[in-house]
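Participant: My questions will all concern the structure given below.
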Amino acid sequence: MSISRRKLLGKLGAAAIAGAGINALEGSARAAQSMDMPMPPHREGGTILLNRNENAYGPSAQVVLAMQRSLTRANRFPRKASEDLASQIAAFHKVKPDQVVVGCGSTEIFKSAVDAYLGSGKTLILSSPTFDVIGTYASASGARVASVPLSRFWSNDLDGMLGRVDASTGLIYICNPNNPTAILNSRSELETFIGKLPANVRVIIDEAYHHYAGNSSSYASFIDRPMDDERVIVTRTFSKIHALAGLRVGYAIAGAQTARALCAHSFQENLNVVAAEAAMAALLDTQSVQVNIQRNADNRQEFLNQAYARMMRPLDSHTNFVMFKTVRTADELIDHFRQYNIQIGPRYPSMENYIRVSIGLPEEMKEFWRVWDLMPFINKMAM
Ligand SMILES: Cc1ncc(COP(=O)(O)O)c(C=O)c1O
């Protein structure tokens, strides 16, 4: 009797939940792995989530197996797993172990950087809009936050940022490619920018979307091609290409002295054992990373095709999301899609007529465009 892959995966997923057991989970992970397929993707109560730039496909079967195996070690504190992960990251990137800082998501590293380099009387410089969680931490530390509008090309305005540097500047945050615009700053302009910064100013380069940026020749990671500069802190996350957002693992690569300063402000034993083991397996599973990169490129191209067909011109995306201008406001679009159980956005006040949409599974994106086409056509010319 033949059974479709989808039905089989559905059954495997159900078994995993109903069995409440590692055996059922291991069985489903093994079955999926042996067929070279991803685990059944998780959906939140039937809602299509296109609002947090997550990896809709879920973690690879190998990573799920690693998590399952780690569960029985939950009685032990996670220090060794965490140290093993840091060593593995160091070997992976060919840096010294004392240059690696692991965090409860890269978000924890932003907080550590704020604690190490900001506080009352200091200033954080960042773009607007960007992924600005660090701005919240900076304000809470008593620091001033200097927001610099993006350039007219929707990239970080590096000259504008340089113009805001003064004696109070402690930290600069650069998201590259930038969330929410998905636009890149080139390697050469970033190097020139860093070269002009005072010796005591640290700069975070957030490479959360690094794996999706490979199609641009002007892009180069500051981990893959280090500047060997104590001021530079590069952050990466396991929340995107590795599909582990729910586990909260990120890391920074920095000079040894800077890494020590960040570690001094980290939460002790900040990674749980499941997260650390999952991250190690994810780092080794380079084949799944390649599959995810290709899937994202294909699905993103399909999204762009659909947008072009509707006469829209999205910003050039180097990420797993697309930002585009519409004749409606972001609020109107978010409300419309919410009625059909699809989450998009959020709204960015300075980009009122733009909407950010994360790239989901092909069937989710089909539903997205079906719901898009339910909106009455607005003739811009007649307005
Ligand atoms: C640019 C950027 N950096 C960092 C993060 C969060 O990373 P983590 O989950 O590792 O805290 C996100 C999440 O969407 C992001 O867009």
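The values are calculated or read from the model by the stated rules, or taken from the named source; none is laboratory data. This is a predicted model, so every value here is computed, not measured. A quick note on method: Cβ atoms are made from the backbone with ideal geometry, for glycine too, and the neighbour counts reach across all protein chains shown. With ligands, DNA and RNA removed, areas are computed over all heavy atoms of the protein, side chains included. Shrake-Rupley method; radii C 1.70, N 1.55, O 1.52, S 1.80 Å.
Participant: Quick one: if you take sqrt(5λ) for each eigenvalue of the C-alpha gyration tensor of region 245-322, what semi-axes come out, biggest first, whole angstrom?
Facilitator: 36, 17, 11
Participant: Using per-residue counts of other Cβ atoms within 10 Å, averaged over each peptide, order 118-124, 319-325 from highest down.
Facilitator: Working: 118-124: 17.7, 319-325: 22.6.
Ranking, from highest mean packing down: 319-325, 118-124.
Participant: I would also like to ask the following. With every protein chain kept in the model, how would you rank Tyr348, Tyr137, Tyr173 by accessible area, 1.4 Å probe, largest at the top?
Facilitator: Details: Tyr348 35, Tyr137 70, Tyr173 0 Å².
I get Tyr137, Tyr348, Tyr173, largest accessible area first.
Participant: Measure out, as a whole number of angstrom, how far apart the alpha-carbon centroids of region 252-294 and region 171-207 sit.
Facilitator: What the calculation gives is 21 Å, centre to centre.
Participant: Continuing with this model, one more query. Calculate the dipole size of region 290-375 relative to its Cα centre from +1 charges on Lys and Arg beta carbons and -1 charges on Asp and Glu beta carbons; express the result in debye to the nearest 20. Please list the in-between numbers first.
Facilitator: Numbers: 11 positive and 11 negative charges, 28 e Å.
Here region 290-375 has a charge dipole of around 140 debye.
Participant: Can you give me the long-range amide H partners of Ile172? Hydrogens built in the peptide plane at 1.01 Å from N, cutoff under 5 Å, separation of 5 or more residues or another chain.
Facilitator: Close amide H contacts, sequence-distant or interchain: Ile125, Arg202, Val203, Ile204.
Participant: Give the share of C-alpha pairs in each 5 angstrom bin for region 294-368, from 0 to the last occupied bin, in whole percents, shortest bins first.
Facilitator: Final binned percentages: 3, 16, 27, 28, 20, 6, 1.
Participant: Mind putting together the pair-distance distribution for region 72-284? All Cα pairs, 10 Å bins, whole percent per bin, short to long.
Facilitator: 9, 36, 37, 15, 2, 0
Participant: Would you calculate a helix-derived [θ] at 222 nm for the chain, using -39,500 (n - 2.57) for each DSSP H run of n ≥ 4 and dividing by the full residue count, to the nearest 500?
Facilitator: Values: 13 runs with 155 residues, N = 383.
-12500 deg cm²/dmol, from helical runs alone.
Participant: Evaluate 2.2 N^0.38 Å with N set to the residue count of the chain, then give the Cα radius of gyration divided by it. Walk me through the numbers on the way to the answer.
Facilitator: On the way: Rg = 21.6 Å, N = 383, 2.2 N^0.38 = 21.1 Å.
Here the Cα radius of gyration is 1.02 times the empirical estimate.
Participant: State, to one decimal in nm², a quarter of the convex hull surface area for the C-alpha atoms of region 329-383, i.e. the direction-averaged projected area. Mind showing how you got there, number by number?
Facilitator: Values: hull surface 17.1 nm².
About 4.3 nm², averaged over all directions.
Participant: Just from the alpha-carbon atoms, what are the Rg and Dmax of region 252-382 in angstroms?
Facilitator: 19.8, 61
Participant: Of Asp115, Asp224, Asp206, which has the most accessible area with a 1.4 Å probe, and how do the rest follow in descending order?
Facilitator: Working: Asp115 60, Asp224 95, Asp206 5 Å².
Largest accessible area first, the list is Asp224, Asp115, Asp206.
Participant: Something else now. Leaving out ligands, DNA and RNA, what percent of the accessible area of region 290-375 is carbon and sulfur, probe 1.4 Å? Present the calculation step by step, with values, prior to reporting the outcome.
Facilitator: On the way: 1960 of 4080 Å².
The value for region 290-375 is 48 percent carbon and sulfur by accessible area.
Participant: On to the next question. Suppose all protein chains stay in the model; what accessible area per residue would a 1.4 Å probe give for the chain, in Å²? Provide the component values of the computation, followed by the final result.
Facilitator: On the way: 18030 Å² over 383 residues.
Normalised by residue count, the accessible surface of the chain is 47 Å².
Participant: Right, another one. Once neighbouring chains are kept in place and the probe is 1.4 Å, which whole percent of the accessible area of region 72-284 is contributed by carbon and sulfur?
Facilitator: Values: 4520 of 8610 Å².
In region 72-284, the share of accessible area belonging to carbon and sulfur is 52 percent.
Participant: Karplus couplings for region 49-60 from phi (6.51 cos²θ - 1.76 cosθ + 1.60, θ = phi - 60°), rounded to Hz, Gly and Pro as x?
Facilitator: For region 49-60, the Karplus curve yields 9, 10, 10, 10, 6, 7, 8, 5, 7, x, x, 5 Hz.
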